[in-house]
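Some notes on the structure that comes next.
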Amino acid sequence: VQLQASGGGLVQAGGSLRLSCAAPGRSFGGYAVGWFRQAPGKEREFVGALKYSGGSTSYADSVKGRFSISKDSAKNTVYLQMNSLKSEDTAVYYCVVGRGITSSWYSENMWTYWGQGTLVTVSS
C-alpha cells in the first residue's frame, strides 16, 4: 500500500492544520490508519489512529482534546485535524496503516505501511 500524506506547512501557535492520508487505488477497509510524528532530536511517537471500518479512535495524551482523526469513505482518505497547535507539535508527521488491536497502536512495530512524512512547523 502506497500512502500519500499531505497538508503539512507552517502555522502560528494556536492555529490549525489538517493533514490528509490517502492510498490511491486501495481501500483502508479492515485496517487501522494512524499518525506518528518525529520532532527534531526526538524519537518517533504515536499521535493517534482510527479503526477504519469501526471508527474507533485512540490518541496520545499530548494531543487529546486538540487533535482528531476522521475519514471520508467516498475519498478513501483519513484526516488528522490539528487545532490549538503548539510549538512542541513541530515535527514530521507520518501516516501509517496496519492491522492490530487498539492496545498495540502505540507501537511502531504494529504498523506495516508508512507514508513519506509531511512537515508541520508551528511558530511561537
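The values are calculated or read from the model by the stated rules, or taken from the named source; none is laboratory data. Owing to the predicted nature of the structure, the values given are computational and were not obtained by experimental measurement. Areas reflect the complete protein model, heavy atoms only, side chains present, ligands, DNA and RNA absent. Shrake-Rupley method; radii C 1.70, N 1.55, O 1.52, S 1.80 Å.
Observations on the model:
- Heavy atoms of S16 accessible to a 1.4 Å probe, total area in Å² rounded to 10: 60 Å²
- Normalised by the number of residues in the chain, the mean separation of alpha-carbon contacts (under 8 Å, six or more apart) gives a relative contact order of 35 percent.
- Between the range 87-124 and the range 10-35, the C-alpha centres lie 10 angstrom from each other.
- Expressed as a whole percent, the accessible surface of the chain that belongs to carbon and sulfur atoms is 46, based on a 1.4 Å probe.
- On a per residue basis, the range 1-50 carries 49 Å² of accessible surface, using protein heavy atoms and a 1.4 Å probe.
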